[in-house]
């Protein structure tokens, strides 16, 4: 349809040959937007710089405990190296104590090898298992052979059975107890009626508040680092036993004997019988009993204590033959408060489980020497390998530092030193302070 | 830029680099917690940033087209394939973590640049072909307004053979209109009126004033009947039936001018697709490189 002719020459004549020297809209906006984008970014950083705030440069949010340091990178990053400023252990140790792991260890990692910061809500104290197995998969010690398993690769590979469950182990408690009778007997009890985590002050169905404090926790882990409801309260006669197993000793005396040493029991029995005969003098000489009150008390006490030592006390304790004073001995009960002395276990973290899920033998055990804690394999059913597990890192159960060797830290800083970044100094607040530097200004 | 067989060496090179990087990352990530500050992390970071700089140099290369720095097409292929590698490299550098405020911003910028680059590569692959088929009368994009002025002048010149141009029709905007494409010599031109009835002349003037001229003044408007090719053909066919045969050649030229206007409209739209994504890609890339440099300096210091 075209009478119009579009020759190359004519088409070329249409074009302004200097067009490329000018910026047209898209090119101009590309340039403007580039300046705006860079300008916005630099302005954002500049505003923080003016405010002496280095927060934007953090490689991730600090944990809450260290958040106060977030404005000043140099608080921790103070050690100059070829590749910039790194975190020296001194910087950590100026605020924290870090007791040695083991006197026999051949290698001591830097604090930051295990405690990785800038990981947000992740627990700073939690370290990946591979940090531990780096040594424990082929454990070397300074001298001799390791006293523990030396090829632990994970909880499911190389980790030994728990010490309490290894061959030849038995519950050291010097007491007689039959779980089966208490769980399936005439008065079947529920686990929670005798076993309750620490820190829960509630009335007991079959006991009363003990008049004596519970025994101290044994083991290498300080109890202060345990979770509030981590352990079960120790079995105590008054709390768990006294209602059903009252220490009554004479029909004439309504009061029960104290759950105490034989000397205290003897003193209590003699005093109560003395009080009784003083109030009931007509009983003197009755049933061939002595006619003197002192003799009567001695006579009745011998009878009542015989019942106590040989029947009532013997029900739970292996009473030992009497010494020169005629009173028997009672072996120390040695009830184990913590089975895992080199690991932490938290009952409250497992409260959604039925007790028998982890203690399946409790209902059938007839001897107190039966150890009823679960074995490693049972734990590994949840704390196994793979993604779908409840966590099997070493730090789930173990602490690296031996906190029994902890020492108090002498605080050296004021709030301003920790929260501001001094561009004039710009480095190593914690490190230089720890090295004797003076940051007062 | 079509992604064709000529890209194969670059694609293979990129895959090899990615494979090596991945082979290094897997044992590194299994053995320790990946961090940007570790030695492998720094290597990945420097490699990723180096690739960003290389990709960014494409813009600089275009500024000096005559320098003997390799073919522009090679630079573009390198830009595409090594630009694609920046994201995995930086993810390996960061251990798939966004980190703090600045690094999160950088990661967001990188992802946006990466996605806009992917979109741009797809657009650059498909749209040029569409441009060729849909816009055979393509001109230089920046010259479209100037060409449109010339088309309007040419139309104005053509219709002077049909009727007297009324005063309401603006004069040609370009003095050089006469230099535009014209009909063959000897055919009717400005100043030579074609013989026809007065009514036909008035009708032709009305049609030009009411339909053709508004379209030529605002060719991007979709409301004009001439904005649609099918409707335009019907319109001119009807016009030819009403006008004497002597005018048909002029009408054909007018129709041709309208078609060229439509093609220029299509070219503008396709051009916006072809280059509009750069309004996102380029500014964010520049910001990424500048702020990435700040991050590198500060991170290496601490």
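Quick note: the coordinates plus some simple rules give every number you see, no bench work behind them. The structure displayed is predicted, hence computed values, not measured ones. All Cβ positions, glycine included, derive from the backbone under ideal geometry; neighbour counts span all protein chains shown.
When only alpha carbons are used to place a centre, the range B:190-231 and the range A:259-277 end up 128 Å from one another. Mean-square fluctuations from a GNM of chain A, with a 10 angstrom spring cutoff on Cα atoms, peak among A:153, A:193, A:352 at A:352.
I need the per residue convex hull volume for chain A, using only the alpha carbons, in cubic angstrom as a whole number. The partial results should precede the final answer.
Values: hull volume 154.6 nm³, N = 441.
Roughly 350 Å³ of hull volume per residue.
Bridge orientation summary for chain A: considering DSSP beta bridges with both residues in this region, about 90 percent are antiparallel.
Within the range A:312-427, the percentage of alpha carbon pairs spaced more than 25 angstrom apart rounds to 58%.
Return a whole-number percent for the relative contact order of chain A, with Cα pairs under 8 Å and 6 or more residues apart as the contact set. Please report the intermediate quantities before stating the final value.
Numbers: 545 pairs, mean separation 111.1, N = 441.
Answer for chain A is 25 percent.
How big is Rg to Rh over the range B:86-164, alpha-carbon atoms, Rh as the Kirkwood inverse-mean-distance radius?
Details: Rg = 24.4 Å, Rh = 17.3 Å.
Rg/Rh: 1.41.
The simple spin-label model puts a point 7 Å past each Cα toward its Cβ; for residue B:209 and residue B:242 those points are separated by 1.4 nm.
Evaluate the relative contact order of chain B (contact order divided by residue number), counting alpha-carbon pairs under 8 angstrom at least 6 apart; express in whole percent.
Details: 270 pairs, mean separation 68.2, N = 302.
23 percent.
Computed log10 I(q)/I(0) for the range A:1-120 at 0.20, 0.23 Å⁻¹: -1.18, -1.34, from the Debye equation with unit scatterers placed on every C-alpha and solvent omitted. Principal semi-axes of the equivalent ellipsoid, √(5λ) from the alpha carbon gyration tensor of the range A:262-315, are 22, 12, 8 Å from largest down.
Counting only DSSP beta bridges with both residues in the protein assembly as shown, what percent are antiparallel, rounded to the nearest 5?
Numbers: 7 of 8 bridges.
Roughly 90 percent of the DSSP beta bridges within the protein assembly as shown come out antiparallel.
Comparing A:28, A:291, A:376 in a Gaussian network model of chain A (Cα springs below 10 Å), the most mobile by mean-square fluctuation is A:28. With q set to 0.05, 0.07, 0.09 Å⁻¹, the log10 of I(q)/I(0) for the protein assembly as shown, from the Debye formula over equal scatterers at the Cα positions, is -0.55, -0.79, -1.00. Classify the range A:242-367 as rounded, prolate or oblate from the Cα gyration tensor: take a ≥ b ≥ c as the square roots of its eigenvalues, call it rounded if a/c is under 1.5, otherwise prolate when a/b beats b/c and oblate if not. Note, shape of the range A:242-367 comes out prolate. The angle between the Cα long axis of helix A:262-279 and the longest principal axis of the Cα atoms of chain A comes to about 50 degrees, rounded to the nearest 10. Between the alpha-carbon centres of the range A:304-376 and the range B:41-67 there is a gap of 73 Å.
Only Cα sites of the range B:1-121 enter the Debye sum here, all with the same form factor; the resulting log10 I(q)/I(0) across q = 0.09, 0.11, 0.13, 0.17 1/Å is -0.28, -0.41, -0.56, -0.90, listed in q order.
Could you tell me whether the range B:229-302 comes out rounded, prolate or oblate from its Cα gyration tensor? Rule is a ≥ b ≥ c as square roots of the eigenvalues, rounded for a/c under 1.5, then prolate if a/b exceeds b/c, otherwise oblate. Working shown, then result.
Working: a/c = 13.82, a/b = 6.80, b/c = 2.03.
The shape class here is prolate.
Beyond 33 Å, how much of the Cα-Cα pair distribution for chain B remains, as a whole percent?
Above the 33 Å cut-off, chain B has 48 percent of its Cα pairs.
For the range A:262-315, averaging the sequence separation of C-alpha pairs within contact (under 8 Å, six or more residues apart) and dividing by the residue count gives a relative contact order of 33 percent.
Gap in Å between the Cα centre of the range A:32-108 and the Cα centre of the range B:248-302? So the separation of the two Cα centres works out to 41 Å.
Extending 7 Å from the Cα toward the beta-carbon at both residue B:30 and residue A:47 defines two label points whose distance is 4.6 nm.
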